[in-house]
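For reference, the structure discussed in these notes is given below.
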Amino acid sequence: AQEAFDNLFELPSPPASPVLDDSEFNGEILLNWGEDPAGVTKTETIVDKGYAFEGYNVYQLPSAGAGLDQAIKLATFDLVNEVTTIAQETFDEASGLILELPVQIGKNSGVQRTFTVTQDRFRDRALVNGQTYFFAVAAYNYNGTEGLTTKTLESAPTVVTVVPQTTKPGVRYTAQPGE
């Protein structure tokens with residue numbers, strides 16, 4: 001609250017939510033958030049009050065309306081720089097205290113805008129053709145200024161509902177997933 005007051009209630013915004021597309025294949029799903037150059041630019045280049053784009057998180061959700069607190073993080077793709085683990089003051093439900101906890105964990109893996117899913121992490125098995133799954137991608141930013149309580153903000157996730165399936169009759173793919 002003090003930071004908001006000190007900044008005249010002009011609060012920073014998270015990066016724009018990625019534009020997410022999906023392709024359904026036999027036993028696998030291709031998530032792609034790099035097809036829209038304008039969307040990528042909007043997500044990755046805007047710096048708001050010192051908060052600059054840092055990376056993407058890919059999640060599997062148990063249902064379309066589930067929040068990220070119920071999701072399983074599948075991957076993080078972040079910029080190659082000195083920023084890896086971002087910790088900030090967070091309410092810890094177990095202790096009832098406000099603690100400095102890691103909220104984003106990057107590995108300097110480099111930014112990637114596609115991800116192939118072959119495993120259902122909730123059921124710990126391969127994806128099943130004909131079954132509905134829910135995946136999401138969110139972008140996050142970072143501000144390394146000393147003394148800030150909030151060092152990172154994550155966008156609202158873009159959620160897709162997908163069903164892996166064999167190739168539909170009459171459809172011919174000219175490329176393999178991941179190409």
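The values are calculated or read from the model by the stated rules, or taken from the named source; none is laboratory data. Computed from a predicted model, the values in this text were never measured in an experiment. Positions of Cβ are backbone-derived with ideal geometry, glycine not excepted, and every protein chain shown enters the neighbour counts. Ligands, DNA and RNA are excluded from the accessible area calculation, which covers all protein heavy atoms including side chains. Shrake-Rupley method; radii C 1.70, N 1.55, O 1.52, S 1.80 Å.
Normalised by the number of residues in the chain, what is the relative contact order in percent for Cα pairs under 8 Å and 6+ residues apart? The normalised contact order for the chain reaches 30 percent. The shape of the stretch 28-112 comes out oblate: with a ≥ b ≥ c from the C-alpha gyration tensor, a/c is at least 1.5 while a/b does not beat b/c. Computed over protein heavy atoms with a 1.4 Å probe, the accessible surface of the chain works out to 58 Å² per residue. Note on the chain: with a GNM built from Cα contacts shorter than 10 Å, the maximum mean-square fluctuation among Gly39, Gly55, Gly147 falls on Gly147.
Please arrange Arg172, Arg121, Arg113 by accessible surface area, largest first, computed with a 1.4 Å probe and ligands excluded.
Arg172, Arg121, Arg113
Helix-only arithmetic for the chain: the sum of -39500 (n - 2.57) across DSSP H runs with n ≥ 4, divided by the residue total, places the mean residue ellipticity at 222 nm at -2000 deg cm²/dmol. With the whole protein complex present, Leu127 retains an accessible surface near 10 Å², based on a 1.4 Å probe. Between the listed residues Val47, Ala87, Val163, the Cα displaced farthest toward the positive end of the dipole of the chain, a dipole computed from Cβ unit charges relative to the Cα centre, is found at Val163.
Under a model in which nothing but the beta-carbon of Lys, Arg (+1) and Asp, Glu (-1) is charged, the chain shows a dipole of about 760 debye around its Cα centre.
Which shape class, rounded, prolate or oblate, goes with the stretch 65-141 when its Cα gyration tensor gives a ≥ b ≥ c as root eigenvalues, a/c under 1.5 marks rounded, and past that a/b bigger than b/c marks prolate? Oblate, since a/c reaches 1.5 and b/c is not below a/b. Electrostatic tally near Thr152: other residues with Cβ closer than 12 Å to its Cβ, Lys and Arg +1, Asp and Glu -1, net -3.
With a 1.4 Å probe and all protein chains kept in place, how do Ile86, Ile105 rank by accessible area, largest first?
Ile105, Ile86
Annotation: amide H-H contacts under 5 Å for Leu127 (H modelled 1.01 Å from N, sequence separation of 5 or more, or interchain): Gln119, Asp120. Classify the chain: rounded, prolate or oblate, from the alpha-carbon gyration tensor (a ≥ b ≥ c, eigenvalue square roots; a/c under 1.5 rounded; otherwise prolate if a/b is larger than b/c)? Note, shape of the chain comes out prolate.
The figure for Lys151 is an accessible area of roughly 50 square angstrom, using a 1.4 Å probe on the protein chains alone. The apolar share of the surface of the chain, taken as the fraction of accessible area on carbon and sulfur atoms (1.4 Å probe, ligands and nucleic acids excluded), comes to 51 percent.
Sum up the charges of everything whose Cβ sits under 13 Å from the Cβ of Asn108, counting Lys and Arg as +1 and Asp and Glu as -1, but leave Asn108 out.
-2
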